[in-house]
Amino acid sequence: MSRYEEDDDIRTALLNMYGLGRQMTPRPKKEMTTRELLEQQLAGYDDDMEPRTPKPRVELKSDGSTFTLYRNGKPVSFWPAFGSEDIPEMEFDGQTLTAINNEKTLKSWPAMSGKPGYQSRAATEIENHGPIPEGVWHLNPDELQTYSPEKESSSWRGPNGETPWQGGTRSWGNYRIRLEPDDFRTDTKHRKGFYLHGGEVPGSAGCIDTTDSMDEVAKFIRASEYPMDIYVNYKYDDWNKRRK
């Protein structure tokens with residue numbers, strides 16, 4: 001095998017590695033080194049590539065009591081500002097939803113997430129069955145929704161894109177509120193559409209379900225003037241077994 005043929009084989013292998021095998025130029029009339037051939041073939045390669053994803057526009061704003069981090073105009077994270085120690089937060093451990101302020105428990109309610117048989121940390125990746133993934137989730141008291149019969153219609157949509165109350169109060173209770181993930185402190189497992197809600201039947205497709213306690217939870221949320229965080233941290237790998 002001649003040196004030219006060896007260079008041609010190396011050239012072909014390298015071009016295939018770069019995904020350019022189908023774009024090979026015809027064999028030149030005069031001998032060229034592998035380096036020269038690659039430089040010729042790769043000329044303008046970067047110009048042909050798809051444009052890179054633009055960097056997100058990040059802004060930090062404060063209303064005097066809360067810092068809000070925005071990404072491309074969407075709020076993605078909240079922090080209390082100095083002097084705003086009175087803003088409560090919540091914790092959910094798989095069995096209980098607890099309201100806390102300055103490390104003191106204000107109130108707690110029985111709660112659960114996920115369908116029976118899927119209420120475990122390992123099931124957080126299972127869509128429509130497993131519990132809400134661990135991390136930090138935000139709720140805005142201004143987005144607290146109240147049930148009304150027309151909202152059960154499949155064509156109903158809320159002003160902020162809220163979906164119908166399928167199943168009515170049996171599935172949702174009288175109130176529900178959307179939970180938005182903190183982009184920096186929560187791995188959503190590629191899941192979305194989580195709510196904090198009530199209902200007659202314990203369990204959910206991933207939302208936090210407080211069953212008949214939701215009316216009281218809603219009253220507590222409504223009394224807060226600022227966005228609130230829910231810290232989801234499961235104490236046990238399978239808390240359903242801990243009840244037995």
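The values are calculated or read from the model by the stated rules, or taken from the named source; none is laboratory data. What you see is a predicted model; the values in this text were computed from it and never measured. All Cβ positions, even for glycine, are placed from backbone atoms using ideal geometry, and neighbour counts span all protein chains on display.
Counting only residues that are within 26 Å of Asn101 (Cβ to Cβ) and either at pLDDT below 95 or of a type in the set (A, V, I, L, M, F, W, C) (or both), how many does the stretch 187-203 have?
Our first condition is that a residue be within 26 Å of Asn101 (Cβ to Cβ); within the stretch 187-203, this holds for 194-198.
From the residues that got through so far, the ones that are either at pLDDT below 95 or of a type in the set (A, V, I, L, M, F, W, C) (or both) too are 194, 196.
Qualifying residue count for the region: 2.
Can you tell me which residue within the stretch 174-231, out of those that are charged (D, E, K, R) and free of Cβ contacts under 8 Å to residues at least 60 places away in the same chain, is nearest to Pro56 (Cα to Cα)? Walk me through it before giving the result.
Narrowing the stretch 174-231 to residues charged (D, E, K, R): 176, 178, 180, 182-183, 185, 187, 189, 191-192, 200, 209, 212, 215-216, 219, 222, 225, 229.
So of that shortlist, the ones also free of Cβ contacts under 8 Å to residues at least 60 places away in the same chain come out as 176, 178, 187, 192, 200, 212, 215, 219.
Numbers: Arg176: 31, Arg178: 24, Asp187: 19, Lys192: 21, Glu200: 42, Asp212: 41, Asp215: 39, Lys219: 36 Å.
Here the residue is Asp187.
Please verify whether Gly206 is modelled with pLDDT of 95 or more, part of a loop (DSSP other than H, G, I, E, B), under 23 Å from Pro116 (Cβ atoms) and not polar (S, T, N, Q), treating the condition exactly as stated.
Numbers: modelled with pLDDT of 95 or more: yes; part of a loop (DSSP other than H, G, I, E, B): yes; under 23 Å from Pro116 (Cβ atoms): yes; not polar (S, T, N, Q): yes.
Considered against the rule, which asks whether it is modelled with pLDDT of 95 or more, part of a loop (DSSP other than H, G, I, E, B), under 23 Å from Pro116 (Cβ atoms) and not polar (S, T, N, Q), Gly206 comes out as yes.
Please verify whether the stretch 140-163 includes one or more residues that are in contact with a Leu (Cβ under 7 Å, 6 or more places away or on another chain) and either closer than 18 Å to Ser213 by Cβ or assigned to a loop (DSSP other than H, G, I, E, B) (or both). Walk me through how you get there before you give the answer.
As a first pass, look at the stretch 140-163 and keep what is in contact with a Leu (Cβ under 7 Å, 6 or more places away or on another chain): none.
No, the stretch 140-163 contains no residue that is in contact with a Leu (Cβ under 7 Å, 6 or more places away or on another chain) and either closer than 18 Å to Ser213 by Cβ or assigned to a loop (DSSP other than H, G, I, E, B) (or both).
Which of the numbered conditions does Gly193 fail, given that it passes all the others? Conditions: (1) closer than 23 Å to Pro116 by Cα; (2) surrounded by 16 or more Cβ atoms within 10 Å (Cβ to Cβ).
Failing condition for Gly193: (2).
Could you check how many residues of the stretch 113-150 are farther than 25 Å from Gln95 by Cα and surrounded by 19 or more Cβ atoms within 10 Å (Cβ to Cβ)?
Selection size over the stretch 113-150: 0.
Taking the stated definitions as given, is Leu106 more than 21 Å from Trp172 (Cβ to Cβ) and modelled with pLDDT of 70 or more?
In short, yes.
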